[in-house]
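Have a look at the structure below before the remarks.
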Amino acid sequence: MKILFIILDGLGDRPIKELGDKTPLEAAKTPNFDFLASQGICGLIEPVYQGKFPTSKDAHLSLFGYDLKKWGMARGVFEVLGIGMELGKEDIALRGNFSTVDSNFKIVDRRAGRISDTKPLIKALQKITIEGVKFLLAPAVSHRLGIILRGRNLSDKISDGDFHKANIRAPKIRPLEKSPEARFTARVLNKFLLNSHQILKNHPLNKKRIKKGQLAANYILVREAGKLKKLQSFEKKWRMKACCIAGGVLYKGIAKVLGMDLIKVKGATGKANTDLEAKFKAAKNSLKRPAPYRNEVSGAGYDFCYLHIKATDNFSHDGDFLGKKKFIEKIDRNLPIFLDLKDVLITITGDHSTPCGVKEHTADPLPVLVFGLPSGARGKKRRSFFALPSGARGKKRRSFFALPSGARGKKRRSFFALPSGARGKKRRSFFALPSGARGKKRRSFFALPSGARGKKRRSFFALPSDSEGGRRKFTFFALEKDGVHPPQFSSKFGRVKKFSEKECQKGKIGKIKSTDFMRRILTCNF
Ligand SMILES: [Zn+2]
């Protein structure tokens, strides 16, 4: 089975008054998302990240199953790779903005009036060498650029030259540790920034801009220095040949770092004007196309397509909830192309939440939708879950099944000794079986011959609609209202109550950490 992994950037949101206390996703008319939700399963993803707020970079790496403590890298690396620069092992990568400073280096505008064409400026700064360190530059979207420092004895332990604030003096780069390398890197970079300011100040393009009453792009604000780490490839990690379709620079960089192939799509801009139809077509073809590559999972074509759509996040940052809602509707109109894909699991989620009311990323959980679970695979898959190497099992389950045999009964007893209020509804109903059947039932559940387990569990989900399956699902999504999830949070994908009970019995995802998501979808463990 192949996987189409769709990420709608900054998808998660909070209810908005003007939308009738609905999130943009809830308020949007989305017949196709609704169809997928009715036939698939929904849940919530808790983004795993480092620092105060989830960043797209951290959120993506964790969604792809990477441990950030082990694999974290500064964003400069991803940006530089995303715009197509080649990064060596010793190089330092930085992201930058063309900006406007006055004669005292006070920042007038962090984006130089969002200057669009910076190629002539970059050409003028290309290949400056300071104390043996070469500076390589390449333009990114609008006022942004990528910078590489190439030379010996360089360190990425240097401070940012940009505090995301205007009306302050442009910050000098400082070494973040006492090593000679960090001090050297900070020194040459400061020299470069001064040199480039002199060149930019006198550049004909800037003189023209000033004449037109526009802001001169006369200074570079740099940030997020990083070095490339050798990272385990996505293919090696998950044994799936993967490709990426994205407009935004960062996302291409992430894919490149993970060893995914980039599929270029004309009209993929990473903005609201992006050509969704072209991107979706390319995604579909990537999963169909026989590739020269063969692997043990599928034999041909890409096994995994990571499709990234950025504009949902852009609208959120602008607080434009109507724009976000309309853009979600546009995505929905383009979805049907995927409906006839055979043997493809479609997952749709965001990387993090960006509520329009906050205009910044938040740690709120995100809606997730999984469609296309092979119907026969469920019971089977679940069997395979118990056949996973013990290290791979969920912690909870591991300890449950790994208990010394004598302790099991005890464990279970204590489980049922929970104050009645603390038990899940589901559990209560499970043990509300006719009393005579209880002990036997439970014993037999765990004492079943291994071949019979899957069946048993299958039947668990096939319970008559007025018992487990239905109620459990409802309970799960009703939790949101009780404030177990942040009370402001709600999700369209999570709004399953309108579906029939039979549909609700198909299972659930629950609330899972983003780092667990890949493993869960690969084992169909929901
Ligand atoms: Zn964002």
Please find, among Leu194, Leu215, Leu221, the residue that is hydrophobic (A, V, I, L, M, F, W, C), closer than 20 Å to Phe105 by Cα, modelled with pLDDT of 95 or more and part of a helix (DSSP H, G or I). Leu194
Scanning the range 51-78 residue by residue, those more than 16 Å from the ligand (Cβ to nearest atom) and either free of Cβ contacts under 8 Å to residues at least 60 places away in the same chain or in a helix (DSSP H, G or I) (or both) turn out to be Leu68, Lys69, Lys70, Trp71, Gly72, Gly76, Val77
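Okay, residues lined up against (1) touching a residue at least 40 places away in the same chain (Cβ under 8 Å); (2) under 31 Å from the mean Cα position of the chain (by Cα); (3) surrounded by 20 or more Cβ atoms within 10 Å (Cβ to Cβ):
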residue: Phe135; (1), (2), (3): yes, no, yes
residue: Asn167; (1), (2), (3): yes, no, no
residue: Lys208; (1), (2), (3): no, no, no
residue: Gln214; (1), (2), (3): yes, no, no
residue: Asn218; (1), (2), (3): yes, no, yes
residue: Leu221; (1), (2), (3): yes, yes, yes
residue: Ser233; (1), (2), (3): no, yes, no
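So that you can scan it fast, the table gives a plain yes or no per residue for (1) aliphatic (A, V, I, L, M); (2) modelled with pLDDT of 95 or more:
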| residue | (1), (2) |
| --- | --- |
| Val101 | yes, yes |
| Phe105 | no, yes |
| Asp109 | no, yes |
| Leu121 | yes, yes |
| Ala124 | yes, yes |
| Thr129 | no, yes |
| Gly132 | no, yes |
| Ser142 | no, no |
| Gly146 | no, yes |
So which residues in the range 311-333 are away from the ligand (no atom under 12 Å from the Cβ), of a type in the set (Gly, Ala, Ser) and touching a helix residue (DSSP H, G or I) at 6+ places or on another chain (Cβ under 9 Å), if there are any at all? Gly323
Only one of Leu68, Leu94, Leu25, Leu19 is of a type outside the set (S, T, N, Q), crowded, with 22+ Cβ neighbours inside 10 Å and assigned by TED's automatic domain parsing to the domain that holds Gly259, namely Leu25
Sort out which residues of the range 1-12 are within 16 Å of the ligand (Cβ to nearest atom) and either more than 15 Å from the chain's Cα centre (by Cα) or not in a loop (DSSP other than H, G, I, E, B) (or both), and write them in order of number. Ile7, Leu8, Leu11, Gly12
Identify all residues within the range 177-191 that are loosely packed, with under 13 Cβ neighbours inside 10 Å and either in a helix (DSSP H, G or I) or not assigned by TED's automatic domain parsing to the domain that holds Val101 (or both); write none if there are none. Pro180
If you check Val133 against the conditions, is it in contact with a helix residue (DSSP H, G or I) (Cβ under 9 Å, 6 or more places away or on another chain) and not charged (D, E, K, R)? yes
For the range 293-310, indicate whether the set of residues that are assigned to a loop (DSSP other than H, G, I, E, B), modelled with pLDDT of 90 or more, within 16 Å of the ligand (Cβ to nearest atom) and buried (at least 19 other Cβ atoms within 10 Å of the Cβ) is non-empty. yes
Let me spell it out: the conditions are (1) hydrophobic (A, V, I, L, M, F, W, C); (2) over 23 Å from Leu522 (Cβ atoms); (3) not in a loop (DSSP other than H, G, I, E, B), and Leu287 meets all of them except one. Which number is the exception? (2)
Look at the range 330-354 and say how many of its residues are part of a loop (DSSP other than H, G, I, E, B), out of contact with any strand residue (DSSP E or B) (no Cβ under 6 Å at 6 or more places or on another chain) and under 27 Å from His317 (Cα atoms). 2
Tally up the residues in the range 15-35 that are in a helix (DSSP H, G or I), over 13 Å from Asn334 (Cα atoms) and among the hydrophobic types (A, V, I, L, M, F, W, C), please. 4
Find all pairs meeting these conditions: Cβ atoms under 8 angstrom apart; at least six residues apart or on different chains; first residue within the range 312-323 and more than 16 Å from Ser353 (Cβ to Cβ) and at pLDDT 95 or above; second residue more than 8 Å from the ligand (Cβ to nearest atom) and aliphatic (A, V, I, L, M). Gly323/Ala272
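The values are calculated or read from the model by the stated rules, or taken from the named source; none is laboratory data. This one's a predicted model, so the numbers in the text were calculated from it and none came from an experiment. Because the Cβ atoms are built from the backbone with ideal geometry, glycine has one as well, and the counts that use them run over all protein chains shown.
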